[in-house]
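So the structure is just underneath, and the comments pick up after that.
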Amino acid sequence: MTNSHTTHSLDKTSATEITDVFAAVGDPQPPKHGFFNRLYTGTGAIDVIGKRRMWYLITAAIVLVSLGSIIFRGFNFGIDFEGGSRIQFPAGNATTSAVEDVYRGAIGTDPVSVQTVGTGGSATMLIRSEALNQKQVEALNSALFTQFQPKDKSGNPSRAAISTSDVSETWGSQITRKAIIALAVFLVLVAVYIAIRFETHMAIAALAALFFDVTVTAGVYSLVGFEVTPATVIGILTILGFSLYDSVVVFDKVEENTHGILHLTRRTYGEQANLAVNQTLMRSINTALIGILPIVGLMVVAVWMLGVGTLKDLALVQLVGLLVGTYSSIFFATPLLVSIKERWGPVAAHTKKVLAKRAGAASARAGVAAERRASMAAGRDHEPRKQRAAGQAPRPGARPSGKRHKRRN
């Protein structure tokens, strides 16, 4: 009954409190629990706050790699941002490599991308290229029709089955400007909400985590060479919302654990924040896994089976952003909050007071232990001979003490 009660209350009691309880009843150590048991119950399996310098170094390295790729490699912007031409026709027996060869022979350069959209009889070939003039469009359409004989709705080969559309650079720049405006408005609203709901320091930490999410997601796109499309921008706004949600959940638990902490000297703000991270860790991991499963399903069904290219862009940015957002909410946002709090203000003074009290208590315990060892050693030196000999083995041939046995006649 005691063990079940202890296990039931693990999520509400920190590891230090459990140790104190067992020490008070004479047991120096509580029952040992494995890493995964403590991870599931949220009792401090991972020391996130105590090792925050390590997480800062890892975070800084990831950001530097991402910024380096953005600066030196740049982005692979889609036609919607840079402008260009889009050519589409029924796929039939055409393959992407064959279409690329025909395009190269008619235009003299490589297309930006060639992909198959859809499956079966409804599949189409989609060519994205730089802006083509009228003469180039006619030459390309003629070469495509000669090679693949695309059919119209009635099932007859026709050049009208090949459609061409142009996207101007002006329209692409407008899309870019609107995306930046939407991102800025989102960040401002986030800062205002968190500052009102929680406090200013939490708003700063949350914005820093969102900046990390955007930078790393963009860096991954630059590093791998994913095409940046309007669907990518929509996906980034989506994963920023998820990252904010996860950070708010952790901050809410931090606020609950640290309520009234300044009036107590048992634990520091950072230790309570670390407990909050551990208590919400499995929730964050489970939420991320549940979010990843439909994204993987979207990539398998929509991209590989149906061949919808725009959904691939949306799925990729959500998959990358979900992983990055989970990392930032656990290993960056809360440690940064604690660092800001312990830099100045009442939390910094409270932390110094708690650490000073612990240092004094540890010194006092060390002194008491030293005196006890000295007294025990002195007691052994002055122990009477008979008392020292009481524990020795009897001499050989000596009669045993106690009741004597009568000798038989």
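Treating r as the C-beta distance of LEU183 and LEU262 and R0 as 41 Å, the FRET efficiency rounds to 0.65. Rolling a 1.4 Å probe across the protein heavy atoms gives the range 121-222 an accessible surface of 55 Å² per residue. Divided by 2.2 N^0.38 Å, where N counts the residues, the Cα radius of gyration of the range 101-160 comes to 1.16. If the segment from SER122 to ALA98 were pulled out straight at 0.36 nm per residue, it would be longer than the present Cα-Cα gap by 6.8 nm. In order along the range 149-163, the phi-based Karplus estimate (6.51 cos²θ - 1.76 cosθ + 1.60, θ = phi - 60°) of 3J(HN,Hα) comes to 6, x, 10, 7, 5, 7, x, 9, x, 7, 6, 5, 6, 8, 10 Hz; Gly and Pro are listed as x.
Can you give the FRET efficiency for PHE72 and THR238, using 1/(1 + (r/R0)^6), R0 = 30 Å, r = Cβ-Cβ distance, to the nearest 0.05?
Working: r = 28 Å, r/R0 = 0.93.
Given R0 = 30 Å and the Cβ-Cβ separation, E is 0.60.
In this simple spin-label approximation, ALA160 and ASN133 carry label points 7 Å from Cα along the Cα→Cβ vector, and these lie 2.9 nm apart. Residue by residue, the range 247-256 carries 3J(HN,Hα) couplings of 5, 5, 4, 5, 4, 5, 5, 4, 4, 5 Hz when phi is fed to the Karplus relation 6.51 cos²θ - 1.76 cosθ + 1.60 (θ = phi - 60°); x denotes Gly or Pro.
As an exercise, identify the trypsin sites (Lys or Arg not before Pro) in the range 136-192 lying in DSSP coil whose Cβ has no more than 14 other Cβ atoms within 10 Å. Before the final figure, lay out the partial values.
Values: sites: LYS151, LYS153, ARG159, ARG177, LYS178; in loops: LYS153.
Passing both the DSSP loop test and the Cβ count: LYS153.
Taking a 32 Å limit on the Cα-Cα distance, which of the listed pairs LYS151/LYS312; LYS178/LYS253; LYS153/LYS178; LYS178/LYS341; LYS51/LYS178 fall beyond it? Pairs exceeding 32 Å: LYS178/LYS253; LYS153/LYS178; LYS178/LYS341; LYS51/LYS178. Note that the range 202-215 has calculated 3J(HN,Hα) couplings of 5, 5, 4, 5, 5, 5, 5, 5, 5, 4, 4, 4, 5, 4 Hz, one per residue in order, obtained from phi through the Karplus relation 6.51 cos²θ - 1.76 cosθ + 1.60 (θ = phi - 60°); glycine and proline are x.
Amide H contacts of ASN76 (H built 1.01 Å from N, in plane; Pro and chain starts excluded): VAL228 sit under 5 Å, all sequence-distant by 5 or more or on other chains. In this structure, the amide hydrogen of VAL112, modeled 1.01 Å from its nitrogen in the peptide plane, lies closer than 5 angstrom to those of ARG128, SER129, GLU130, counting only residues at least 5 positions away or on a different chain.
The values are calculated or read from the model by the stated rules, or taken from the named source; none is laboratory data. Nothing here was measured: the structure is a model prediction, and the numbers come from that model. Every residue, glycine among them, receives a Cβ derived from its backbone with ideal geometry; neighbour counts consider all protein chains shown. Remember, those area values only see protein heavy atoms, side chains included, never the ligands or the DNA or RNA. Shrake-Rupley method; radii C 1.70, N 1.55, O 1.52, S 1.80 Å.
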